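S.K.: Mind having a look at this structure? Questions to follow.
Read the figures in this text as sums done on the coordinates, not as results from a lab. The model shown is predicted, which means the values in this text are computed figures rather than measured ones. So basically every Cβ, Gly included, is an ideal-geometry build from the backbone, and we count neighbours across all protein chains shown.
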């Protein structure tokens, strides 16, 4: 029954020959059409009824169908419906050739998927014109389809590249110790890449550094700048640098790499080992807020500086603010995405609303969740216009002492050796440089005492601070007994140090080997008048004041701690053994 | 029009009025203003009608400042609404621009 006559197309007759399926139960009609199309160079298949038409269509996937309506076995309507269901994403025009003239029948032709119709008897020229017109539509459709496919595959490729880049990005800009129990945070980037930056790292001598940054714009261009910043932040924190040093280094880097007009509003926070002192540098972020556990007014740490990457380091103000914090107080830092988050009405979340949430009457440990829920409810699923970040830091030394896996690195100490190094630091050096990170670097390079790093840093830092603040600058730590005095103390420290003209501090480190053990002697001598060390409170546990904890703490970490001369020279002996991390520590 | 520019008769002072939102959507117009200018010695940025500005607007101001000579630039930001003023203050832009 199936009589298909395949005519090889003649490339000369038409510029774009295609394959045509003819379905007609009238033999004469079929012959006429066949001859005409063949003459034009097209390949032609011929079916005698609807059923056969569908079969041939499946086999040969023609580009065009000419369909009679009234046919045995299956009529043209049914055959067209089936053919259209088979075409998928391809556009195959179907032209009805019919003797019927009533409107309803013609409407039905289009309803079941027909694209055009022609009354019998028709003029050949008209049929050819219709075929040409539909062929143009078909080509347009094909072009559109291939563009759509190209776009989709391009999109899939980009998505894959993004995912790989994102993995790389999050390895470099890793969250550090953000999982610590006294930290809660909300990160809500607009796209895969976050233009906000949130980093946290433990300091070598205990305590915490946190950095929150917000780059101009969002998405990939904003996120690229985050990579060098994270690198600098983690490396410098691990080496014991202060946040003002990190600020300067990051600023210099960003000024060099970011184009004008792109910058990073940022706040760097430093919580000391006892979680009683907060040091902050805020350049361009909204007020950092400190909340009391019992409610009551908020303390504000306003932006005092230009954002990072705007001016070069000669014009950068790296001065920090120091405040005393009480146990249980909570510190909130956030990017403007939080206060500018908008409701579907266009209204912004706003700073006052945030502060209402922070001061409301609810359990302190639930405040963070309440703020997040409030923010979600307020936005009500509306579009997000900026990256959005919020962090809560609870000043609780108990929680802070929790050690995370990231702290246990497997550095191996080098076999004990004998060496000596000494530094003589004059007033100018002391004004401009914090020597401790460099000394710690050399100590680690020489002896590899990474497991002892925090204790050694504490000893060195406490003794150096005493030599500088009491020995050379003549500051009285009794000042620190009140919260106001606490701030005054650090203001005075900054001013006196900037004005320091004379004096020096000598630091000597001597290491001797005792079999598999090593003994490190740290000697620090300042040119100041000394002090009555004999009356020094030796008991750390009995001391609950804000100051004077330094020396008893050092005493607890060392084998011996002795003062010499007028009290302007101190010697600490620290003993360590390979394979052990805390030989030197005796119970206080 | 969110951005309207006026130039003084001698061509030395260019005033830019920005109304509505001062954000990335007007960066093209904003850049055209100073790229076309010849011999301008002072820019006045009038923010009386500005309801909101974002960090990309701060970036555009920095670009203008660089174009106008960096530290030698004479740029005055005028008539800020409280919300806009706050954004400029948080960014400490009074160190770089003359704010009234």
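S.K.: Under the 0.36 nm per residue contour assumption, what length would be gained going from the current alpha-carbon distance of residue A:531 and residue A:562 to full extension? If you can, show how the numbers build up before the last one.
M.R.: Details: separation 31, 0.36 × 31 = 11.16 nm, distance 1.31 nm.
Residue separation times 0.36 nm, minus the Cα-Cα distance, leaves 9.9 nm.
S.K.: Take the alpha-carbon positions of region A:488-530, form their convex hull, and give its projected area averaged over all directions (one quarter of the hull surface) in nm².
M.R.: 4.8 nm²
S.K.: What does the C-alpha gyration tensor say about the overall shape of region A:271-350? Classify as rounded when a/c is under 1.5, otherwise prolate if a/b is larger than b/c, or oblate.
M.R.: Note, shape of region A:271-350 comes out oblate.
S.K.: Indicate, rounded to the nearest 5 percent, the antiparallel portion of the DSSP beta bridges found entirely in the protein assembly as shown.
M.R.: Given both bridge residues lie in the protein assembly as shown, the antiparallel proportion sits at roughly 70 percent.
S.K.: Set the Förster distance to 30 Å, then compute FRET efficiency between residue A:274 and residue A:508 from the Cβ-Cβ distance, nearest 0.05.
M.R.: 0.60
S.K.: Using only helices, what value at 222 nm comes out for the protein assembly as shown when you add -39,500 (n - 2.57) per DSSP H run of length 4 or more and divide by the total residues, to the nearest 500 deg cm²/dmol?
M.R.: -11000 deg cm²/dmol
S.K.: Count, for each residue of A:234-242, the Cβ atoms from other chains sitting within 10 Å of its Cβ, then give me the mean as a whole number.
M.R.: Numbers: counts 0, 0, 0, 0, 0, 0, 0, 0, 0.
Across A:234-242, the average partner-chain Cβ count within 10 Å equals 0.
S.K.: Further question: When the Kirkwood radius is taken over all Cα pairs of region A:222-300, what Stokes-Einstein diffusion coefficient follows at 20 °C and 1.002 mPa s, in µm²/s?
M.R.: 150 µm²/s
S.K.: Determine the shielding of peptide A:308-316 by partner chains: average, over its residues, the number of Cβ atoms on other chains within 10 angstrom of each Cβ.
M.R.: 2
S.K.: Shifting gears a bit: At q = 0.06, 0.08, 0.09, 0.12 Å⁻¹, what is the base-10 log of I(q)/I(0) for the protein assembly as shown according to the Debye formula with one equal point scatterer per Cα and no solvent? Please give it to two decimals.
M.R.: Taken in order of the listed q values, log10 I(q)/I(0) reads -0.56, -0.76, -0.86, -1.23.
S.K.: Among rounded, prolate and oblate, which fits region A:173-400 when a ≥ b ≥ c are the square roots of the eigenvalues of its C-alpha gyration tensor, a/c under 1.5 means rounded, and a/b larger than b/c means prolate?
M.R.: Judged from the Cα gyration tensor, region A:173-400 comes out oblate (a/c at least 1.5, b/c at or above a/b).
S.K.: Just the number, please: percent antiparallel of the DSSP beta bridges in region B:3-99, rounded to the nearest 5.
M.R.: Antiparallel bridges make up about 25 percent of those DSSP assigns within region B:3-99.
S.K.: Using 0.36 nm per residue of separation minus the Cα-Cα distance, give me the extension gain between residue A:319 and residue A:73 in nm, one decimal.
M.R.: The residue A:319-residue A:73 span can extend by a further 79.3 nm.
S.K.: Is region A:409-577 rounded, prolate or oblate when judged by the Cα gyration tensor, a ≥ b ≥ c being the square roots of its eigenvalues, rounded requiring a/c under 1.5 and prolate requiring a/b larger than b/c? Write down the numbers at each step before the final one.
M.R.: Numbers: a/c = 1.85, a/b = 1.49, b/c = 1.24.
Prolate is the answer for region A:409-577, as a/c is 1.5 or above and a/b outweighs b/c.
S.K.: Quick one: divide the alpha-carbon radius of gyration of region B:3-99 by 2.2 N^0.38 Å and tell me what you get.
M.R.: On the way: Rg = 12.3 Å, N = 97, 2.2 N^0.38 = 12.5 Å.
In units of the 2.2 N^0.38 Å rule of thumb, it is 0.98.
S.K.: Right, another one. 7 Å from Cα along Cα→Cβ at both residue A:326 and residue B:76: what's the point-to-point distance in nm?
M.R.: Result for the modelled spin labels: 4.9 nm.
S.K.: Along each of the three principal axes of the Cα atoms of region A:19-144, give the extent in whole Å, ordering the values from largest to smallest.
M.R.: 35, 30, 29
S.K.: Once you place label points 7 Å from the Cα toward the Cβ at residue A:32 and residue A:396, how far apart are they in nm?
M.R.: Calculated label separation equals 9.4 nm.
S.K.: Just counting partner chain Cβ atoms within 10 Å, what average do the residues of peptide A:386-394 show around their Cβ?
M.R.: 0
S.K.: Here's another thing I want to ask about it. Which length gain, in nm to one decimal place, applies between residue A:498 and residue A:302 when the Cα-Cα distance is subtracted from 0.36 nm times their residue separation? Intermediate results must be reported in sequence, preceding the final value.
M.R.: Values: separation 196, 0.36 × 196 = 70.56 nm, distance 2.37 nm.
Difference between extended and current length: 68.2 nm.
S.K.: Something else now. Report, for region B:3-58, the % of DSSP beta bridges that are antiparallel, rounded to 5.
M.R.: Here the share of antiparallel DSSP bridges comes out near 40 percent.
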